[in-house]
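To start, the structure itself, in structure tokens.
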Amino acid sequence: MERHGLNGQIEDENYCLDLIDQLDEKWVKYIDNLPLKFAIKECISGINRLERQKLRSCAQMNIRVNVGDVCFIDFGQAYIHEAGYQHFGVVLKLVNNKAFVVPMTSNETTYMYAEDVSRHQYGKNHLHQMGWIEGLNKRSVCFVNDCKFINTARIIDVKGHIPPTSPIFLELKDRVMECIS
């Protein structure tokens, strides 16, 4: 049976081997040209994917996750303006082995650009200041426009917790709802 791949080409063994060669060649050039910091992140995400892609959830790695947990997550490869690689994230909802998460960073410049009407009237509304969160070493800011469902197998570790009934959690939830509605 013929199967058609990219650009309508017939998928066969030779085509597959050619794709592998193309990927290998482009991958090596890509990694070689990245700054060391990003090459490491790219490689870690690749290794994590290979090791975790068939897991149904983080429970298979003895990691227990609850709504409100602040987790260290491997978001994987990303396009420009997307959260990628290894970042913290807040779990807003758990549904069928997936977590609806909001990525975060502790980058001070990003934190200062976040919308906070009391301090910075021209803040960026896709960023939301979380302040100090127990279990983390720095103030955090969420990328509200990067929220998404992930397989919980992407969760590397639970680092902190925000009670789901707390004002900070409820405010984040409201910001996410504003963003997606």
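The numbers here are math on the coordinates, done by the rules we state, and not lab data. Owing to the predicted nature of the structure, the values given are computational and were not obtained by experimental measurement. Cβ sites come from the backbone with ideal geometry, for glycine too, and all protein chains shown count toward neighbours.
Summary of values
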item	result
Extent along principal axes [Cα atoms of the chain; Å; largest to smallest]	61, 35, 33
Cross-link pairs beyond the 23 Å C-alpha cut-off, checked among LYS29/LYS98; LYS54/LYS148; LYS138/LYS173; LYS41/LYS159; LYS41/LYS138	LYS29/LYS98
Set of aspartates and glutamates near LYS93 by C-alpha distance (under 16 Å), chain-local residues within fewer than 8 positions excluded	ASP69, ASP146, GLU171, ASP174
DSSP loop chymotrypsin sites (Phe, Trp or Tyr not before Pro) with at most 16 other Cβ within 10 Å: longest gap in the chain	1-78
Reachable aspartates and glutamates from LYS37, criterion Cα separation under 19 angstrom, eight or more residues apart if same chain	ASP74, GLU82, GLU108
Computed helical MRE - 222 nm, the chain, DSSP H runs ≥ 4 contributing -39500 (n - 2.57), nearest 500	-10500 deg cm²/dmol
Contour minus Cα-Cα distance for PHE38 and ASN14 (0.36 nm per residue)	5.4 nm
